[in-house]
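Read through the structure below, which is laid out as C-alpha cells, and then see the notes.
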Amino acid sequence: MTEYRLTPLAQSLPATVPFVGPETQERNMGRQFDARLGANENVFGPSPHAIKAMAEAGHWMYGDPESHDLRQALATHHGTTPDHIIVGEGIDGLLGYVVRLFVEQGDAVVTSDGAYPTFNYHVAGFGGLLHKVPYKDDHEDPAALFAKAAEVDAKLVYLANPDNPMGSWHKGEDIAAALERLPARSLLVLDEAYVETAPEGTALPLAWGDPRVIRMRTFSKAYGMAGARVGYAIAAPELITAFHKVRNHFGMNRAAQAGAVAALADQAWLAVVKDRIAQARIQIAQIGRDNGLMPLPSATNFVTLDCGSDAAFAKAILDGLVARGIFVRMPFVAPQNRCIRVSCGTNADHAAFAAALPAAIAAAKKG
C-alpha cells in the first residue's frame, strides 16, 4: 500500500495517549524510579487467592467470552442479576465502549475541566464535541454538569466520585438528588473506581437498573489488579445488552477473570488493604505538612498536595521529584494544577518521597 486511507477524523487526531507511563520515563532517564507513586496503583497487591487463581488459570485456553463466572459473582456481591453487569478491559475499555455506543461526529458530551482525560480521549476518537465545566472548590460540580448537559443536549455526562485527580468526593445521596436535574435525553457515566476506599455513603444509593446512569467499577484500585485490566459496569439490562454489539468478546483473558473472582471472594484481604491505604494517606499528608504543602482530604488511594502557588511551581516540584527518582503526577488544569498528586505506597516508598521532597521544593523556589 502506498497510501493509508485513514478517515478524516483519524487524520485530524494527534498520535498521543492521555498519560506518559512511568516505564517510558524510566527508559528516557536510563534508570528506574526509586518510588512509583504516580499511577494510583495499589502497591499492596491483590489477594493471595487471586494471585494463585491467576497462576493456575490455564493460559492455553481463551477466556470465557461471556465472563460468566465473574458476572455471576459480581451480581451476587452487589445483590443484582448478571444481566445488569458488563465486564471489560478496565474502566478505560468500558469508557471506550460506552462512547462508541452513543457518540457520533458532533454529538455533545459533558465533563469537568481537568477530570480523567482518558474519557476525553475516547470522545475525541469518535468525533464527539466536549463541553467542560469548572470544578467547584476542588470538587466536580454535578449541578453545573447537568445544567450544561441541558444546555447542549449532551448524550453523555461524565462524573467521577470519588474524583481523580483531586481525591474529593460527594455523598451518594447528594448525587442522587442532583440527578433529578439530569436531562431525560442524557446518560450519566458515573466512574466509581475509588468507591471501595471512600467513606460509607459515597456510592450512589439508587437501584442498579436506574436508566439514567451507568456505574463503572474496577479491580485496579482497592483490589490491587491494575495489571490484569478488569473493570465492570452496572446498568439497566437494556443498556448492558447494547455492549455485546460492540465489545471485544475475547478482550478479557482467562487469568484476569479467575483472579477477579478470587479477589471478590476475599473481602478479608480487601479490608486489610483498605486499612493500609488509610494509613498511607496519613503518612503522605504528614510528609506534605512537614514540608509546607497542604494535603487535601482524600477518599482515594492517593493524596493531592496543594503546593501553595501556581502551576509552574507545582511542575517544578514534580520535575525535581522525578529527577530524584520519585514518580508522581499532577493535575492538568488550573486551579487544580497548583497541586501534585502522590499515590499511596509502602513505608519505603514514603521514606524515599520524604527524603527527596525538601530538595525538590528548594530547587523549585530557586527557579
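Listed values, structure above:
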{"quantity": "Mean residue ellipticity (222 nm) of the chain, computed from DSSP H runs ≥ 4 via -39,500 (n - 2.57), nearest 500", "calculated": "-12500 deg cm²/dmol"}
{"quantity": "Cβ-derived FRET efficiency at R0 41 Å, Leu130 paired with Arg276, nearest 0.05", "calculated": "0.65"}
{"quantity": "Rounded to whole Å, sorted largest first: equivalent-ellipsoid semi-axes of the chain, Cα gyration tensor", "calculated": "31, 26, 22"}
{"quantity": "Tail weight of P(r) past 21 Å, computed on alpha-carbon pairs of the stretch 63-178, percent", "calculated": "47 percent"}
{"quantity": "Percent carbon-and-sulfur accessible area, the stretch 66-125, ignoring ligands, DNA and RNA, probe 1.4 Å", "calculated": "46 percent"}
{"quantity": "Mean Cβ neighbour count within 10 Å, used as a protection proxy, ranking 278-289, 59-70 highest first", "calculated": "278-289, 59-70"}
{"quantity": "Whole-Å distance, taken between Cα centres, linking the stretch 229-301 and the stretch 164-183", "calculated": "19 Å"}
{"quantity": "Charge tally in the Cβ shell below 13 Å around Ala316, where Lys, Arg are +1 and Asp, Glu are -1, Ala316 excluded", "calculated": "+3"}
{"quantity": "Extension reserve of the Gln267-Glu56 stretch, reckoned as 0.36 nm per residue once the Cα distance is removed", "calculated": "73.9 nm"}
{"quantity": "Axial C-alpha extent at least 24 Å, average Kyte-Doolittle at least 0.0 - helices from the chain (DSSP)", "calculated": "347-366"}
{"quantity": "Positive minus negative residues near Pro48 (Lys, Arg vs Asp, Glu; Cβ under 13 Å)", "calculated": "-1"}
{"quantity": "Among Ala268, Ala73, Ala226, residue whose mean-square fluctuation peaks in a GNM of the chain (springs only between Cα atoms under 10 Å)", "calculated": "Ala268"}
{"quantity": "Å² per residue, accessible surface of the stretch 37-131 at 1.4 Å", "calculated": "43 Å²"}
{"quantity": "Probe 1.4 Å, accessible area per residue of the stretch 220-367, Å²", "calculated": "39 Å²"}
{"quantity": "DSSP-loop GluC sites (Glu not before Pro) across the stretch 192-274, with at most 16 other Cβ within 10 angstrom", "calculated": "Glu200"}
{"quantity": "Cα centroid of the stretch 139-158 to Cα centroid of the stretch 34-62, whole Å", "calculated": "36 Å"}
{"quantity": "Under 12 Å, Cβ to Cβ, from Arg254 - net charge with Lys/Arg +1 and Asp/Glu -1", "calculated": "-3"}
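The values are calculated or read from the model by the stated rules, or taken from the named source; none is laboratory data. For clarity, every value in this text was computed on a predicted model and none was experimentally measured. Cβ coordinates were reconstructed from backbone atoms using ideal geometry, including for glycine residues, and neighbour counts include every protein chain displayed. Keep in mind that these areas ignore ligands, DNA and RNA; they rest on the heavy atoms of the full protein, side chains included. Shrake-Rupley method; radii C 1.70, N 1.55, O 1.52, S 1.80 Å.
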